[in-house]
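The block underneath contains the structure these notes are about, expressed in structure tokens.
The values are calculated or read from the model by the stated rules, or taken from the named source; none is laboratory data. Since the structure is predicted, the reported quantities are computational estimates derived from the model, not experimental observations. Here the Cβ positions follow ideal geometry from the backbone for every residue, glycine too, while neighbour counts run over all protein chains shown.
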Amino acid sequence: MVMLHKLLFLMFAGVLSGPIFAQTPTPAGPLPLERDYYKIVTLPVPEGIELEIGGLTALPNGDLAAATRRGDVWLIGNPYMENNTPPRFARFAKGLHETLGLAYVDGALYTAQRGELTRLRDTNGDGRADAYETVYSLPLSGHYHEYTFGPKVAPDGSMFITGNVAFGNREWWRGESRVPWRGWTLRVWPDGRMEPWATGMRSPCGIGMVNSAFFYADNQGDWMGSGGIVHVEKGDFTGHPAGLRWADLPESPVQVRMNDIYYRANPRFSPPGKAIKPENIPDEKPLPLYAVAEVVPGVKLPAVWLPHSILGISTSEIIHDTTNSAFGPFTGQLFVGDQGQSKIVRVFLEKVRGVWQGAAFSFREGFQSGVLRMCWGKDGSMFVGQTNRGWGSAGQAPWGLQRLVWTGKIPFEMKAVRAMPDGFELEFTQPVDKASAANPDNYQITGFIYKYHPVYGSPVVNEKTHLVHAAAVSADGLTVRLVADSLREYYIHEIKAEGVRSYRDHYPLLHPVAYYTLNRIPDGDKLDVPRRKIAPASAGQHALHAAPKPAATPGKPAGALAAGKRVTQKPAGWSAVDQTVTIGTLPGLKYNRTFVTIKTGSRIKWTLSNTDDMPHNLVIVKPGAADAVGAAGASLGLKGPEMWYVPKSPDVLFHTKLTQPGASDSIYFVAPAPGDYTFVCTVPGHAQAMRGLLRITP
């Protein structure tokens, strides 16, 4: 009787509605691309205007206002290019210092300069600001990295701004709060009142309001294993310890201290009563941030992690889709920019047991420069302001202003992923082909997390495969409930649905992977379905069910390339090195040398000395192969860090490891045949900008 009930449930849900193990249906035609659904329109900019956009906002009349990193504010009329006429540009303000945000409130524009929140007003109606008013002045040490972002306007008229940390003196790539409120979120009122709100921020360029709640996005760095978005409430500590220097000030709402975090989470790290400084925290078996949050009240975890190099490397603006379906089927969701990868990702949020969590998806790539700011137009299209000076980006233009327009076609996507007591529910934008969607072999779930430690970034750790036991398809084909065992709270879960096809055209998903941050497993009933013991092997199986990956060994990543591509000791048969080449790094995704000449057959010692504030590698590739190898490195996904983002490719000749800030790595090789080769950094988002020419002569 129990088995009969199971069969009836599965039939009703659609699991047994078709030949589950039938061959995957063939698509009806050529596979669609992102541009078929969301078109990028480039706005022409008059010659002489350097539109490195740091702030962007829509005005009540439908025009735009754009603040630039060069200190100008431009009013842009006719940004929709109606009647095939170009936009009109008029300078509203000038002489500002690195403006990195813009908001329109009650007839005035507010922008965050390096050292203050400024109000700009046109009091005589001539279209130019004649009143430059300091709303709130922020302390500065003079370090170049002390950017200030914002504002974002709350429903009560107050505004949130955030402050970057500087880099430290002892280890220059570590964040340091040299003056009050660096690494903090501040709440400021138009009359100049300021309230410290929260700390733990490293580089909080990405800020946004979701309904009435303030969210911020950080990106990978010291103490930040990966990027993510956080719901920031008063008194929160979000992870970076530099700003805790000011937590003892009387106006601070933050109660946690650096010693609280590590005494209570790991008492062995220091004797009781001795304050712990960030630089003294050991890197031995560091805890994930969630383990600290479990014992230290006030530590706030990301609502959604954005896995580094997969969903971005330099997270920027957060905007909430309030277009009422004018931008497609994702109303109510978030769109998050990424400066380094020149892309936008999409985030679905839900609240489970009082805590925000949700799923992140790729959305749209291919912008001409680094995506920094976005805003909604009057027609529901999205304006995207861009810059790459000093930071570098996959898009090679130095700046750009583009408009993202929905074409009216519905892409076949995972619209949402929701946590269930025994797995996840996937909601789709179109009905699925039930045979493919009901096959549990067409899904893979991998859980993982990042280290919380003072070094730059983190590899994926505690990785675990979660077997999918069943896939229950709804009668309308719009949802599939996945049953999986042993899901872990606080972990990121990579959910792949690469074998699922649409009902109408048999298309695969435009973006078949979701990353769900499971902060809470919901209460409720679990599906009563048979449990599978092992994952069946099949020709279409993904690497998740393949043999276990080899363990990494010193000097050799898991899945290492063939011998000879990375030789770190001078070969025994060499009496001497014929030529030593040292390549350094510069800010903005650059090597300090972009042209090297060596002779064929010579014995080479090649050193990468990384003086940048982020990790890099150096890969020497065959002539003409740099783009393909760079793309392959970017597609490694979760395996990227353990493989140093070096793809297993015959086009790769020699390579360093992924070299951390302040470190160096040397390799030895014999120069190959004459020709023009390329050396390139294959860290995702770096390859288009960070490369040089290696000329090998006879």
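Could you tell me whether the stretch 141-152 includes any residue that is surrounded by 15 or more Cβ atoms within 10 Å (Cβ to Cβ), modelled with pLDDT of 95 or more, assigned to a strand (DSSP E or B) and more than 29 Å from the chain's Cα centre (by Cα)? No - not one qualifying residue is present in the stretch 141-152. When you check THR57 against the structure, is it β-branched (Val, Ile, Thr), surrounded by 22 or more Cβ atoms within 10 Å (Cβ to Cβ) and in a loop (DSSP other than H, G, I, E, B), yes or no? Spelling it out, it is not the case that THR57 is β-branched (Val, Ile, Thr), surrounded by 22 or more Cβ atoms within 10 Å (Cβ to Cβ) and in a loop (DSSP other than H, G, I, E, B). Evaluated against (1) surrounded by fewer than 24 Cβ atoms within 10 Å (Cβ to Cβ); (2) out of contact with any Gly (no Cβ under 9 Å at 6 or more places or on another chain), GLY358 falls short on exactly one condition, (1). Please work out which residue is nearest to GLU427 (Cα to Cα), limiting yourself to the stretch 447-470 and to residues that are at pLDDT 95 or above and touching a Phe, Trp or Tyr at 6+ places or on another chain (Cβ under 6 Å). Restricting to residues being at pLDDT 95 or above and touching a Phe, Trp or Tyr at 6+ places or on another chain (Cβ under 6 Å), the top hit is VAL468. Each residue in the stretch 177-193 was checked for being part of a strand (DSSP E or B) and within 12 Å of GLY163 (Cβ to Cβ), and 4 of them qualify. Every condition in (1) outside any strand (DSSP E or B); (2) more than 23 Å from ARG257 (Cα to Cα) is met by LEU117 except one, and the failing one is (1).
Hey, among the residues in the stretch 304-327 that are among the aliphatic types (A, V, I, L, M) and modelled with pLDDT under 95, which one's farthest from PHE348 (Cα to Cα)? Taking the candidates together, the pick is ILE313. The combined condition, being in the same structural domain as GLN368 (by TED's automatic domain parsing) and either small (Gly, Ala, Ser) or in a strand (DSSP E or B) (or both), is fulfilled by LEU75.
So, TYR516, is that one in the same structural domain as PHE448 (by TED's automatic domain parsing) and touching a Lys or Arg at 6+ places or on another chain (Cβ under 8 Å) or not? Criteria not met by TYR516. Scanning the stretch 381-410 for residues that are part of a loop (DSSP other than H, G, I, E, B), within 19 Å of GLN333 (Cβ to Cβ) and out of contact with any Asp or Glu (no Cβ under 9 Å at 6 or more places or on another chain) yields SER381, GLY408, ILE410.
Under 6 Å by Cβ, and 6 or more places apart or on different chains, what pairs join a residue from the stretch 676-689 that is touching a residue at least 40 places away in the same chain (Cβ under 8 Å) with one that is assigned to a loop (DSSP other than H, G, I, E, B) and of a type in the set (Ser, Thr, Tyr)? Qualifying pairs under 6 Å: THR682/TYR645; VAL683/TYR645; PRO684/SER309.
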